[in-house]
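Participant: What follows is a single structure, and I will ask about it in a moment.
Bear in mind these aren't lab numbers, they're just calculated from the coordinates by the rules spelled out. Since the structure is predicted, the reported quantities are computational estimates derived from the model, not experimental observations. Cβ atoms come from the backbone with ideal geometry, glycine included; neighbour counts cover every protein chain shown.
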Amino acid sequence: MRDILSEVVGKWSLIPQKRNRNGAFPGIFKYIPHSRLFCSKSRINTSWPSSLTLTLLFLKDILHWKSLAMASPEPLQSPEGQTRLVRHFEGRSIDDHSAAWSNLWDTDNSDMWDRGKPSPALIDALEQNQDTFNPITADGRRKRALVPGCGKGYDVVMLALHGFDAYGLDVSSKGVSVAEEYAGKELQSPQPYNFGAEGTARERGNVSFIEGDFFKSKWEDGRKFDLIYDYTFLCALHPTNRREWASRMADLLLPGGLLICLEFPLFKDLSLPGPPWPLKGVYWNLLVEGGDGLVTKDRVISDSVDGSFVRNLYIKPETSYENGKGTDMLSVYAKK
Ligand SMILES: C[S@@+](CC[C@H](N)C(=O)[O-])C[C@H]1O[C@@H](n2cnc3c(N)ncnc32)[C@H](O)[C@@H]1O
């Protein structure tokens, strides 16, 4: 609550005392989402509201922020956070990108992407399609699930709680130790956010975190996986790595293995830089068409099915992270 208050009051205290030359108040409220009533983009053009109105709006904002904070622990990321990320990678050699990610971890900047909880869309998919995502094979083996670029490991722990032997891979040693610490606590006493409406108690699988570069083969030690989950990993990589991302995914999966993607960001214009790199049309091109993933807005969808995957499921999840702006799609690709 104190954070919410300081968010609102902090901006509030910047209200200018004077109108500008056009008789408008410069845009002080532009970062306060529910103060739109008397805002027009970056300036306040209407007559100055009474102090009673301001008090009511102030309370409305507090209630709004409070309800968001109570509904989910997911931090609301600012567009400014994304710009910081783009700036961090701007002009760097592609060979330096892994080190640049590690640097963000080492300097405590993981808030730029951390969503604070496992993926609600993945949880629903697992729980609503229990035959497809049965964590035990027909011959009684526990399935292995991999989350590359796992960050703090929310989805790795959640997959283990749903019965998989779950592996998280990250190139950053600090990232891996943060994930190990999170898993240690979370497995002792899992929070309700790990389960959806149809979550049932299952025998849980093991959790392992590995420090390694996805594109280098040493870390997997000959292991193949039944399931891989990608969220904000492909969009973290430079576009020239995309074709290799697709071939690594195919190599790492067992025959018939499933690649689940929570496709993000689909709302971002394809000409804009990342990370996160815009991905509308990219997964299909890479995985089904067998293209290079360097998709532009003028692309023509081809009939080609030269990729290593077929798409079995493509749905708009009922619930997903706020950051997807309602455009995230959940797709399941099966290795041919
Ligand atoms: C945008 S973050 C997403 C983290 C996580 N998926 C989440 O949702 O919180 C991308 C992650 O990928 C990791 N990463 C980047 N390049 C990698 C590589 N080549 N191999 C393994 N991990 C990598 C970064 O260290 C970072 O933790």
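Participant: Please arrange 329, 249 by how many other C-beta atoms lie within 10 Å of their C-beta, fewest to most.
Facilitator: Fewest to most other Cβ atoms nearby, the residues stand as 329, 249.
Participant: Right, here's the next one. Going 7 Å from the Cα of residue 298 along its beta-carbon direction, which residues of the range 269-290 have the amide nitrogen within less than 16 Å of the resulting point?
Facilitator: 270-272
Participant: Then there is this: With label points built 7 Å along Cα→Cβ from the Cα atoms of residue 251 and residue 191, find their separation and express it in nm.
Facilitator: 3.6
Participant: While we're looking at this one, here's another question. Can you tell me how the range 264-336 classifies by the Cα gyration tensor, rounded, prolate or oblate, using a/c under 1.5 as the rounded cut?
Facilitator: Oblate, because a/c is 1.5 or more while a/b does not exceed b/c.
Participant: Kindly flag which residue pairs out of 143/268; 218/325; 224/325; 297/335; 143/316 have an alpha-carbon separation exceeding 31 Å in this structure.
Facilitator: 143/268; 218/325; 224/325
Participant: Rounded, prolate or oblate: which fits the range 94-335, taking a ≥ b ≥ c as square roots of the Cα gyration tensor eigenvalues, rounded meaning a/c under 1.5, else prolate when a/b beats b/c?
Facilitator: Cα axes put the range 94-335 in the rounded bin.
Participant: Using only the Cα atoms of the range 200-279, what semi-axes does the equivalent ellipsoid have when each is the square root of 5 times a gyration tensor eigenvalue? Give whole Å, largest first.
Facilitator: Square roots of five times the eigenvalues give 26, 17, 12 Å.
Participant: Starting from the alpha-carbon convex hull of the range 161-256, give the projected area averaged over all orientations, in nm².
Facilitator: That works out to 7.5 nm², a quarter of the Cα hull's surface.
Participant: Can you compute the charge dipole magnitude of the range 94-335 about its Cα centre, using +1 on each Lys and Arg Cβ and -1 on each Asp and Glu Cβ, nothing else charged? Give it in debye, rounded to the nearest 20.
Facilitator: Around 300 debye, computed over the range 94-335.
Participant: Mind ranking 261-268, 151-158, 321-328 by how tightly packed they are, going by the mean number of other C-beta atoms within 10 angstrom, highest first?
Facilitator: 151-158, 261-268, 321-328
Participant: Between residue 114 and residue 238, what is the label-point separation in nm under the 7 Å Cα-to-beta-carbon projection?
Facilitator: 2.7
Participant: Apply the Karplus curve 6.51 cos²θ - 1.76 cosθ + 1.60, θ = phi - 60°, to the phi angles in the range 261-275 and return the couplings in whole Hz, x for Gly and Pro.
Facilitator: Those phi angles translate into 10, 9, 6, 7, x, 9, 8, 7, 4, 5, 8, 7, x, x, x Hz.
Participant: Here's something else I'd like to know. Starting at the first residue of the range 292-309, write each ³J(HN,Hα) from the Karplus equation 6.51 cos²θ - 1.76 cosθ + 1.60 with θ = phi - 60°, in whole Hz, x for Gly and Pro.
Facilitator: With the stated coefficients, the range 292-309 comes to 8, x, 8, 8, 10, 5, 8, 5, 9, 6, 8, 8, 5, 10, 7, x, 8, 10 Hz.
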